[in-house]
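The values are calculated or read from the model by the stated rules, or taken from the named source; none is laboratory data. Fair warning: this is a prediction, and the values are worked out from it, not measured in the lab. Please note: Cβ atoms are built from the backbone with ideal geometry, for glycine as well, and neighbour counts cover all protein chains shown.
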There are 2 protein chains.
Amino acid sequence: MISYKEALDLLRTEFKPVITNISVPLEDSVGYVLSEDIFPDINLPPFDNSAMDGYAIKYNPEIRKWRLIGQLTAGSESEFTIDESTTVSIMTGAKLPIGADTIIPVENAELQNDIVILNDNAHVEFGEHIREMGNDLPIGILAVKSGTLIETKHIPILAACGQRKVKVKKPLRIAVISTGDELVDIDNKPENAQIRATNLYSIISLIKDCGIKPINFGLIKDDKQSIANTFRKILESKAEVIITTGGVSVGQHDYLKDVLKELGAKTIFWRVNIKPGKPFLFSIIEQDGIKKYIFGLPGNPLSSFVNFNIFIKPSIKYIYGKASEFHFTAEIVEDLNKKDNKLHFIMGYYEYVFALDRYFVRKAGTQSSGNMYTLSQSNCMVMFPEELTEIKSGSIVDCIRI
Amino acid sequence: MISYKEALDLLRTEFKPVITNISVPLEDSVGYVLSEDIFPDINLPPFDNSAMDGYAIKYNPEIRKWRLIGQLTAGSESEFTIDESTTVSIMTGAKLPIGADTIIPVENAELQNDIVILNDNAHVEFGEHIREMGNDLPIGILAVKSGTLIETKHIPILAACGQRKVKVKKPLRIAVISTGDELVDIDNKPENAQIRATNLYSIISLIKDCGIKPINFGLIKDDKQSIANTFRKILESKAEVIITTGGVSVGQHDYLKDVLKELGAKTIFWRVNIKPGKPFLFSIIEQDGIKKYIFGLPGNPLSSFVNFNIFIKPSIKYIYGKASEFHFTAEIVEDLNKKDNKLHFIMGYYEYVFALDRYFVRKAGTQSSGNMYTLSQSNCMVMFPEELTEIKSGSIVDCIRI
């Protein structure tokens, strides 16, 4: 059995799906990773323009009166030439008239007939309130780098560079199945020894939360033939990744590993020294030179949720070059105890206390490994290291946001 | 002119669109706000079951050998009754046989013919490795409260409660238009005094980022009649909110306020003592007892981006009861200066320094108010209060994540 750290290292070296590119409309591109460098095809802004509504002048500190010879609105095609004695009224964003080098804001001057008079208390500085051509970004200078995770803040500059569509890394195609004789779909009422197939919905929502549309292959009985048939179907699909829940433990009906073996899969690792989620399986099937990656999650709802968050989510983020910003430290406000030498992920609830500028964390409810209610009440996982059996209240612990 | 705080107060009291409910499939519900209390219709788990693969026994500290009388897998319908001398092999999640009260993990015992023998070093405790019926959540106890923002962590318990679809608060319908004679759509190359209509795409992506599908009414010329006609069309649509960019300044071609006046709109406020984004307009039109809300953003790309983030986003979050978790404090690492008494929102870049357990922030590039490149390089806005003209390096400043 390997450690969590060893498992993460293996995932980093072995999980290497080929990521191709797609084009998406700019307004749908937030959350994708840009796959080309973007340069402006024009200067930004494309011309010297006014940053205020006001009057365009040719600066001369001695002069406080100008004759108004015209008006320029944003987008106006009119052309005027001014000298030190003339001015043009100009709207924000409008292109400067020829000769102008300074803008007087409209509230700093008064118009009497066709004469603009600077207010007594107003002060003008050379070059004020002008946005120079290329001041935002000159033509040919890198605007947004390939590999950038697109956020809303990138949309204006991408739009200004004329990117109606952007080339981005294509989301993985992930197939999902849940195995188990005990499972009924969630709109059924379970009878006798049955339970609802919560995992399927949980994993689908987690995949979607990574910005990926999952391919749902549904519920499969704990029957070797059914599992094998479904796997063959998935392998014929375009999915590069397959996530299963159930069937990876040591029970006699845990057929998943047998099926994978028969399909020629190579187990990279199975079972990690953690709790919950120990039976996690990572396996690779190579077909015609193309690798397909299998993540086998346990059937237990909390275990599969934790496994997804500590193995699969960081792996997906890693291959897209996205930062995993979900680690933080907090002060634990109760004693923690354990007997084994596993790394425990304890569902926790953290709060930031403003007055103390610090995060505090406590356990979220009971920690039974099937406890979905506790999960719903938590907002993080507290990491309780392998080598410790006790953590005293007041200690600093590592946590992972969920 | 009102202050930012006064503007926020007015938004809280006046922005009250009617939010109805819709049903969405569970796996699509992350990000929505639940609009009913959810209770389990069965005990969770629905029966006592094994938390491990192992052997089910009736506890007696004296006994270390049992006769194996059967096998139970998860979902198995078989029924067995055991006494202190017999056992049933049991898989994780399987319903306990009658008489069983304790589970021996499979690795702690050995099977010889039909006799299960406890390992010499193994210790059994009464009641171990059993998940009791209702231990996660008993029938009839509140599982997820109405008003909860649904996250992935809620999906397992909602699935276990049989919620194939969940009733959630319906997203607002938001119409968007951009006005300006200078605007060309972004796939065109601007000529002479034209610029690309970056705002339209920026605002659409910001609305989508709030989980809302915008209704795009496109680019409109700075022409009173065109603006009025488009507004009439939008008012006939189902949009409860209208966001405009451009036309709210004091320029002669800023027709938006005139059009709104003619349509009977009531201006709640116009112009806020901030920079950038001063000309922000908030207005309400009431038609047949139904209020429609208009947010008028300036045409400047940075101003409209900032306005959306400081006015519209918190207003939308507020009416859905979602927390605004984007305020934080950081140490500024350079001096800041300003001359006016406006509240400035300065595009900043913050970093968390682990060793010092503190956030540090600096200005992101130049602060020209049309600077889209600077925006793309920032990750927060630093708030520079009205009454200050200087903030010394090393001071703690309020910041807003973007």
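Could you check how many residues of region A:25-64 are assigned to a strand (DSSP E or B) and in contact with a Leu (Cβ under 7 Å, 6 or more places away or on another chain)? Don't jump to the end; show me each part of the working.
Step one: list which residues in region A:25-64 are assigned to a strand (DSSP E or B), which gives A:25, A:33-34, A:38, A:44, A:49-50, A:54-57.
Within this subset, residues satisfying the condition of being in contact with a Leu (Cβ under 7 Å, 6 or more places away or on another chain) are A:33, A:38, A:44, A:49-50, A:56.
Number satisfying all stated conditions: 6.
Among residues of region A:202-238 being within 14 Å of chain B (Cβ to nearest Cβ) and in a loop (DSSP other than H, G, I, E, B), the one that is surrounded by the most Cβ atoms within 10 Å (Cβ to Cβ) is A:Asp222.
Filter region B:262-316 for residues that are out of contact with any Lys or Arg (no Cβ under 6 Å at 6 or more places or on another chain) and among the basic types (Lys, Arg) and give the result. Correct list: B:Lys266, B:Lys291, B:Lys292, B:Lys313. Only residues that are closer than 19 Å to B:Val272 by Cβ and surrounded by fewer than 20 Cβ atoms within 10 Å (Cβ to Cβ) were counted in region B:390-402, giving 2. Summed over region B:266-277, the residues that are touching a strand residue (DSSP E or B) at 6+ places or on another chain (Cβ under 6 Å) and surrounded by fewer than 22 Cβ atoms within 10 Å (Cβ to Cβ) give a count of 6.
Kindly establish whether A:Leu137 is closer than 30 Å to B:Met372 by Cβ, in contact (Cβ under 8 Å) with a residue 12 or more places away in the chain and touching a strand residue (DSSP E or B) at 6+ places or on another chain (Cβ under 6 Å). Show your work before the answer.
Numbers: closer than 30 Å to B:Met372 by Cβ: yes; in contact (Cβ under 8 Å) with a residue 12 or more places away in the chain: yes; touching a strand residue (DSSP E or B) at 6+ places or on another chain (Cβ under 6 Å): yes.
Yes: the conditions hold for A:Leu137.
Applying the criterion of being in a loop (DSSP other than H, G, I, E, B) and more than 7 Å from chain B (Cβ to nearest Cβ) to the residues of region A:180-201, the residue that is surrounded by the fewest Cβ atoms within 10 Å (Cβ to Cβ) is A:Glu191. If you go through region A:37-64 and keep only what is in contact with a strand residue (DSSP E or B) (Cβ under 6 Å, 6 or more places away or on another chain) and either over 30 Å from A:Val166 (Cα atoms) or basic (Lys, Arg) (or both), you end up with A:Ser50, A:Met52, A:Gly54, A:Tyr55, A:Ala56, A:Ile57, A:Tyr59, A:Arg64. Do we have B:Ile332 as farther than 21 Å from B:Tyr4 by Cα, touching a residue at least 60 places away in the same chain (Cβ under 8 Å) and not assigned by TED's automatic domain parsing to the domain that holds B:Leu149 here? For B:Ile332, the condition - farther than 21 Å from B:Tyr4 by Cα, touching a residue at least 60 places away in the same chain (Cβ under 8 Å) and not assigned by TED's automatic domain parsing to the domain that holds B:Leu149 - is met. For region B:29-73, filtering for residues that are of a type in the set (Val, Ile, Thr) and touching a residue at least 60 places away in the same chain (Cβ under 8 Å) leaves 5. Provide a single number: the residues in region A:2-58 that are under 24 Å from B:Pro298 (Cα atoms) and in contact with a Gly (Cβ under 6 Å, 6 or more places away or on another chain). Of the residues in region A:2-58, 3 are under 24 Å from B:Pro298 (Cα atoms) and in contact with a Gly (Cβ under 6 Å, 6 or more places away or on another chain).
Name the single residue, out of those in region A:149-208 being among the hydrophobic types (A, V, I, L, M, F, W, C) and out of contact with any strand residue (DSSP E or B) (no Cβ under 7 Å at 6 or more places or on another chain), that is farthest from A:Leu260 (Cα to Cα).
Pass one, region A:149-208, residues among the hydrophobic types (A, V, I, L, M, F, W, C): A:149-150, A:155, A:157-161, A:166, A:168, A:172, A:174-177, A:183-184, A:186, A:193, A:195, A:197, A:200, A:203-204, A:206-207.
Within this subset, residues satisfying the condition of being out of contact with any strand residue (DSSP E or B) (no Cβ under 7 Å at 6 or more places or on another chain) are A:155, A:206.
On the way: A:Ile155: 44, A:Leu206: 24 Å.
By that ranking, first place goes to A:Ile155.
Contact map, region B:379-396: first residue in contact (Cβ under 8 Å) with a residue 40 or more places away in the chain, second residue outside any strand (DSSP E or B) and among the hydroxyl-bearing types (Ser, Thr, Tyr), Cβ cut-off under 8 Å, separation 6 or more or different chains; pairs are B:Glu386/B:Ser3. Within region A:66-97, the set of residues being in a loop (DSSP other than H, G, I, E, B) and either more than 8 Å from every other protein chain (Cβ to nearest Cβ) or among the basic types (Lys, Arg) (or both) comprises A:Ser78, A:Glu79, A:Phe80, A:Ile82, A:Asp83, A:Glu84, A:Ser85, A:Leu96, A:Pro97.
A Cβ distance below 6 Å, combined with a sequence gap of six or more or placement on separate chains, defines the contacts here; from region B:107-128, residues that are within 18 Å of B:Lys58 (Cβ to Cβ) and without any contact (Cβ under 8 Å) to a residue 60 or more places away in the chain reach residues that are of a type outside the set (Gly, Ala, Ser) and assigned to a loop (DSSP other than H, G, I, E, B) in the pairs B:Asn108/B:Asn119; B:Leu118/B:Arg64. Looking at this structure, is A:Asp28 at the interface with chain B (Cβ under 8 Å from one of its Cβ atoms) and closer than 20 Å to B:Ile186 by Cβ? Yes; evaluated as a whole, the condition is true for this residue. What number of residues within region B:31-47 are within 11 Å of chain A (Cβ to nearest Cβ) and among the charged types (D, E, K, R)? The number of residues fulfilling the criteria is 1.
Among the conditions (1) surrounded by fewer than 24 Cβ atoms within 10 Å (Cβ to Cβ); (2) over 29 Å from A:Asn188 (Cα atoms); (3) within 8 Å of another protein chain (Cβ to nearest Cβ); (4) not charged (D, E, K, R), the only one that B:Gly162 does not satisfy is (2).
Within region A:12-38, being more than 18 Å from the chain's Cα centre (by Cα), more than 30 Å from A:Ile243 (Cβ to Cβ) and surrounded by 15 or more Cβ atoms within 10 Å (Cβ to Cβ) holds for one residue alone: A:Ile38.
Does region A:98-107 hold any residues that are on the phi < 0 side of the Ramachandran plot and surrounded by fewer than 23 Cβ atoms within 10 Å (Cβ to Cβ), and which are they? Show your work before the answer.
As a first pass, look at region A:98-107 and keep what is on the phi < 0 side of the Ramachandran plot: A:98, A:100-107.
Within region A:98-107, A:Ile98, A:Asp101, A:Thr102, A:Pro105, A:Val106, A:Glu107 meet the criteria.
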